[in-house]
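The values are calculated or read from the model by the stated rules, or taken from the named source; none is laboratory data. Source: prediction; values computed, not measured. Don't worry about glycine lacking a Cβ; one is built from the backbone with ideal geometry, like all the others, and counts go over all protein chains shown.
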Amino acid sequence: MRWLLRLVPYLKPYRGQLILAWLCVLAAGSFVMISPLLVKFAIDFGLQPVRDADGRLVGLDGNERLLIFGALAIVAFAIARGAAAFGQQYLGETIGQSVAYDIRNRIYDNLQRLSFAYHDKVQTGQIMSRATQDVENIRIFFAMGALRLGYIVLMLLISIVGMFIINWQLALVSIVSLPILAWRSIVTSRRLRPMWLQIQQNQAEMTQVAEEGLSGIRVVKAFSREDYESRKFAEAAKRQADLSYQAAVIQANNQPLLQGISAAQIATTVGVGAWLISRGSLQAQDVLTFTLWLNLLQLPVRTLGFMINIIARCISSAERVFELIDAQSAVQEKPGAVPLTDVKGHVVFENVSFSYDNLSPVLSGVEIDAKPGQVIALLGPTGSGKSTVVNLIPRFYDVTEGRILIDGIDIRDVTIESLRRNIGIVQQDVFLFIGTIRDNIAYGRPDASQEEIERAAKAARIHDFIVSLPYGYDEWVGERGVTLSGGQKQRIAIARTLLLDPKILIFDDSTASVDTQTEFLIQQALQELMKGRTTFVIAQRLRTVMRADQILVLDQGRVIQRGTHHELIQQEGLYRRIFELELKDQEEALGRPVAAPPVSDGAGLAERIRERVRRGETEGLPPQVVERVRARLAAEGQAGGGA
């Protein structure tokens, strides 16, 4: 019951409609169950028995006016019952749809406020199933189940009270089956509830399989895995069919039993009623009234199992839905948080540590002092913590230890909305929404003028491409920007960020998906735009590294080197190894002189790394360094120079 009670507050905004709906239930139930009394009235007063001198019944003397009045009353009650039933169904559906609308909005609003830590763990298919199918089960309960159950209960009360008023002995016989029916309904409900929970869980898994297969359809086709994906979905669909079949079997076994009990009850009532008539303690029209009542109760009683089923599904669905509504974000806004205003862009990390599970530290003791207007380049092997560093600044995650300051203010003391409004982010995985190019660029500022949008597009070197399209800025973008190339999506994402004009910029590998020429054009534009803004760049290109005011080299969550390019190239360490094996070729391709390392190191460092990779002794070397050396060794082998 606690899950049903938790749904009650969602009815408060619709109290007026709910009261009207229950009045319609009361009217519909009353009109239905009073109709047999009208038949009894017509027989009692409209038809008088005619007996002979010996007291034997020889005929009936009818009162035509009373019979006509009774017939008209029955018709009037039927019309009134139809109107009340219409009001019940219409209002019930209105309330059900309204509650479902509110619950779905509540789910989506909460999901939007949850931190990355929550979305890292949940599956999209699970969320979609709960927000659609489970909410639909709750809607059906409010639209049909609750009101219909009230309607059945009202019919039972009226008929039971009426039976006891007419004849208590026959009433006791007539209601003997009700406890049996109630017991069977409870047993069925207990068996169905966990089964419906399994069905809904598997429905979510099936949705997840379908969503994943369709989202990755290009990968599926590239590897010719269509048959595998079809089999995987078929397995989930088969489990769904089997579970639904088991639930249907339980219901199929229950319904005939309920019908059999109801039919036996009518037969017993008629038999006992005939015996009471023979004893002179009951009249024939009374037995007719009992029979009419029991017949009217046939359908409601048979649907009692269906009502219990709706309630069971609603309880299971409510339990799953409230898991989403109750989910708490790991990043909470502090009570009394103030807006972040007049940002200069001075970002400081003070002994910052972070862990996703409080067991394995991702960052340990990170210290950064980024002055306003500086460019901070983050460099390091995969998994070193570069993306985590920049994700902590807008509070996508909260630090485990230490603190992050912007202009001397702890970011946990300011409102999340104002913090993120002052930070522009171009993430590694560029996401474009279905809509026009204009809509995507103006996503962060829907009120931006066309001139401002074009200015941002020109700065991102995407304006010329956009105006060359048939519809220009009104060109439609497919799902996730599928109609655009990686470089085009990247530049639109940069334009979207630049339109915000933030004081702090974050580029998470933002030029990794573009060719060298496009990347050069973007960097050329950003060189002017970065002035006066603090910029954090996860760098993979030499141009970005060389123009940075600070280069932070991370390894295993720690800053192991820091300085400028010219300072770090003179030091023995990870930066020089990455430069030698990854960045040096870019420098030579540009025709620039390469800064010479100290003589103590000489050219032997690269040769030693080559020798270790050749022997397979790669432990402790950055993965991308190993891959680069292996590629060079393979190329040399193909060229005939041997390994």
Quiz item: Does segment 479-487 contain any residue that is closer than 22 Å to Asp508 by Cα and in contact with a Lys or Arg (Cβ under 7 Å, 6 or more places away or on another chain)?
Solution: yes
Practice problem: Output the number of residues of segment 494-508 satisfying the condition of being of a type in the set (A, V, I, L, M) and modelled with pLDDT under 85. | Solution: 3
Practice problem: Go over the candidates Ile166, Ile180 one by one and state the one that is of a type in the set (A, V, I, L, M, F, W, C) and either closer than 25 Å to Leu38 by Cα or without any contact (Cβ under 8 Å) to a residue 24 or more places away in the chain (or both). | Solution: Ile166
Quiz item: Could we say that Arg438 is of a type in the set (Lys, Arg), closer than 16 Å to Ile494 by Cα and modelled with pLDDT under 90 here?
Solution: no
Quiz item: For segment 195-248, what are the residues that are within 23 Å of Ala312 (Cα to Cα), among the polar types (S, T, N, Q) and under 22 Å from the mean Cα position of the chain (by Cα)?
Solution: Gln198, Gln200, Gln201, Asn202, Gln203, Thr207, Gln240
Quiz item: Taking segment 400-421, which residues are under 29 Å from the mean Cα position of the chain (by Cα) and over 18 Å from Arg113 (Cα atoms)?
Solution: Thr400
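Conditions tested, residue by residue: (1) of a type in the set (Asp, Glu); (2) surrounded by 12 or more Cβ atoms within 10 Å (Cβ to Cβ); (3) in contact with an Asp or Glu (Cβ under 8 Å, 6 or more places away or on another chain).
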| position | (1), (2), (3) |
| --- | --- |
| Glu229 | yes, yes, no |
| Lys232 | no, yes, no |
| Ser244 | no, yes, no |
| Ala267 | no, no, no |
| Val270 | no, yes, no |
Quiz prompt | Matching option when the condition is at pLDDT 85 or above and touching a helix residue (DSSP H, G or I) at 6+ places or on another chain (Cβ under 9 Å), among Ile560, Ile522, Ile578 | solution = Ile560
Quiz item: Considering segment 115-145 alone, what residues qualify as being aromatic (Phe, Trp, Tyr) and modelled with pLDDT of 85 or more?
Solution: Phe141, Phe142
Exercise. Working only within segment 387-426, note down all residues that are under 20 Å from Gln328 (Cα atoms) and either outside any helix (DSSP H, G or I) or among the aromatic types (Phe, Trp, Tyr) (or both).
Key: Pro394, Arg395, Phe396, Tyr397, Asp398, Val399, Thr400, Val414, Thr415
Exercise. Could you tell me whether Ser418 is assigned by TED's automatic domain parsing to the domain that holds Ser353, modelled with pLDDT of 90 or more and over 23 Å from Val352 (Cα atoms)?
Key: no
Quiz prompt | strands (runs of 3 or more DSSP E) within segment 299-384 that include 1 or more residues aromatic (Phe, Trp, Tyr) and either more than 19 Å from Phe141 (Cα to Cα) or touching a residue at least 24 places away in the same chain (Cβ under 8 Å) (or both) | solution = 347-355
Quiz prompt | Exclusive hit being over 25 Å from Lys531 (Cβ atoms), of a type outside the set (Gly, Ala, Ser) and surrounded by fewer than 20 Cβ atoms within 10 Å (Cβ to Cβ), set Asp413, Asp501, Asp464 | solution = Asp413
Practice problem: Specify the residue that is surrounded by the fewest Cβ atoms within 10 Å (Cβ to Cβ); the eligible residues are those in segment 18-41 that are at pLDDT 85 or above and not aliphatic (A, V, I, L, M). | Solution: Trp22
Quiz item: Just wondering, is there one or more residues in segment 217-227 that are touching a residue at least 12 places away in the same chain (Cβ under 8 Å), surrounded by 13 or more Cβ atoms within 10 Å (Cβ to Cβ) and in a helix (DSSP H, G or I)?
Solution: no
Quiz item: Assuming Leu282 fulfils every condition listed in (1) under 23 Å from Val153 (Cα atoms); (2) not in a helix (DSSP H, G or I) apart from one, which condition is it?
Solution: (1)
Quiz item: Which of the residues spanning segment 1-15 are out of contact with any Phe, Trp or Tyr (no Cβ under 9 Å at 6 or more places or on another chain) and assigned to a helix (DSSP H, G or I)?
Solution: Arg2, Leu5, Val8, Pro9, Lys12, Pro13, Tyr14, Arg15
Quiz item: Just a yes or no: is a residue in segment 199-213 loosely packed, with under 12 Cβ neighbours inside 10 Å, modelled with pLDDT of 80 or more and aliphatic (A, V, I, L, M)?
Solution: no
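A quick yes/no check of all residues on (1) more than 28 Å from Asp342 (Cβ to Cβ); (2) not in a loop (DSSP other than H, G, I, E, B):
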position: Val430; (1), (2): yes, no
position: Pro446; (1), (2): no, no
position: Glu452; (1), (2): no, yes
position: Arg461; (1), (2): yes, no
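Here's the yes/no breakdown for (1) β-branched (Val, Ile, Thr); (2) touching an Asp or Glu at 6+ places or on another chain (Cβ under 6 Å); (3) surrounded by fewer than 19 Cβ atoms within 10 Å (Cβ to Cβ):
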| residue | (1), (2), (3) |
| --- | --- |
| His119 | no, no, yes |
| Val122 | yes, no, yes |
| Glu136 | no, no, yes |
| Gly145 | no, no, no |
| Ser159 | no, no, no |
| Gly162 | no, no, yes |
| Ser177 | no, no, no |
| Ser215 | no, no, yes |
Quiz item: Does Glu528 meet the test of being surrounded by 17 or more Cβ atoms within 10 Å (Cβ to Cβ) and modelled with pLDDT under 70?
Solution: no
